[in-house]
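Below you'll find the structure, written out as structure tokens, and then a few comments.
The values are calculated or read from the model by the stated rules, or taken from the named source; none is laboratory data. For clarity, every value in this text was computed on a predicted model and none was experimentally measured. Every residue, glycine as well, gets a Cβ built from its backbone with ideal geometry; the counts of neighbours run over all protein chains shown.
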Amino acid sequence: MGLILRNVDGKVGTLTLNNPARRNALSMELCGEIVAALEEFKARKVSVVVLRAEKGAKVWSAGHDITQLPKVHNDPLAYDSPMETAFRAIQNYPGPVIAMIQGSVWGGATDLAVTCDLAVGDETSSFAITPVKMGLPYNASGIMHFINRVGSNIAKEMFFTAEPVKADRAYHFGILNHLVPSAQIEEFTFGLAARIAANSPLAVSVIKEQFRILSEAHPLSPDAFERIQALRRKVYNSGDYEEGIKAFLEKRKPNFSGD
């Protein structure tokens, strides 16, 4: 059994996160399997993909596998990192990817959820983006995912507090397109996927790509880009980042100094 289970029913494909022992952490291996599965679905002309955890999951995903984060002096969220590669595979997939959320979503997995084209959650779903708990510098593309989904005001609150956003607020903020009772979420989500799949796959694909291009149409000068990179290096070269990882591995509260 892989870390990602694959199933195709007509024009709808399902990817199920399948590592409950690690709370479906976004390890290098799991992210690699997401990319491979999407490539397979693309070759099979699967029109719509549903990304989910096992039925009734308490944790949809715990986010980035902290044990695999690089140590100090290395960018933890580089462009070619497995998690970022998986996010781009979802964005570039030629059909909608729908996140079906049951349980809590943490850290980079919240980014995964908002990177999906649509999201359907039940009353058990919650979302927390937690880099400040680790002293970790989030990347610009990830921050833009949140700005595009919920706006800068809500994105700032989520990043600054790192507190979970419960299902009703997530629906109000726009993280969830639909908030559905747990007993109905599978029927609702796959019904939504089937309705989309009944439309022209070429038209849907082209419109999705237009949305992607337009959402990324934010001109950035070379000076501003270099400034962002310098700001991020300041964090991942810091004592706070080293302390954040150490505290997590030692299962204690971090003692951040701001240096």
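Considered as a group, the residues in region 82-125 that are closer than 25 Å to Thr161 by Cβ and among the hydroxyl-bearing types (Ser, Thr, Tyr) include one that is surrounded by the most Cβ atoms within 10 Å (Cβ to Cβ), and that residue is Ser125. Check off (1) farther than 29 Å from Asp65 by Cβ; (2) loosely packed, with under 14 Cβ neighbours inside 10 Å for Phe160 and give me the number that stays unchecked. (1) is the only condition that Phe160 fails. The residue pairs whose first member lies in region 22-36 and is in contact (Cβ under 8 Å) with a residue 12 or more places away in the chain and over 13 Å from Thr67 (Cα atoms), whose second member is buried (at least 22 other Cβ atoms within 10 Å of the Cβ) and among the aromatic types (Phe, Trp, Tyr), and whose beta carbons are closer than 8 Å, counting only pairs six or more residues apart or on different chains, are Asn24/Trp60. Ala155 meets each of the listed conditions (1) within 20 Å of Ala62 (Cα to Cα); (2) crowded, with 23+ Cβ neighbours inside 10 Å apart from (2). Do we have any residue at all in region 189-200 that's surrounded by fewer than 13 Cβ atoms within 10 Å (Cβ to Cβ), modelled with pLDDT of 95 or more, in a helix (DSSP H, G or I) and not small (Gly, Ala, Ser)? Yes, that holds for at least one residue.
Exactly one residue among Gln210, Gln184 is part of a helix (DSSP H, G or I) and under 17 Å from Val97 (Cβ atoms), and that residue is Gln210. Residue pairs whose Cβ atoms lie under 8 Å apart, sitting 6 or more positions apart in sequence or on different chains, and linking a residue in region 230-254 that is without any contact (Cβ under 8 Å) to a residue 60 or more places away in the chain to a partner that is not in a loop (DSSP other than H, G, I, E, B), are Lys253/Ala247.
Scan region 163-181 for residues that are under 19 Å from the mean Cα position of the chain (by Cα), under 13 Å from Ile101 (Cβ atoms) and either loosely packed, with under 13 Cβ neighbours inside 10 Å or not small (Gly, Ala, Ser) (or both) and jot them down. Hits for region 163-181 are Pro164, Val165, Lys166, Tyr171, Ile175, Leu176, Asn177, His178, Leu179. On the stretch given as region 213-227, residues that are among the hydrophobic types (A, V, I, L, M, F, W, C) and in a loop (DSSP other than H, G, I, E, B) total 2. Set side by side, the residues Thr189, Thr130 differ, and just one is of a type outside the set (Gly, Ala, Ser), closer than 19 Å to Ile98 by Cα and in contact (Cβ under 8 Å) with a residue 60 or more places away in the chain, which is Thr189.
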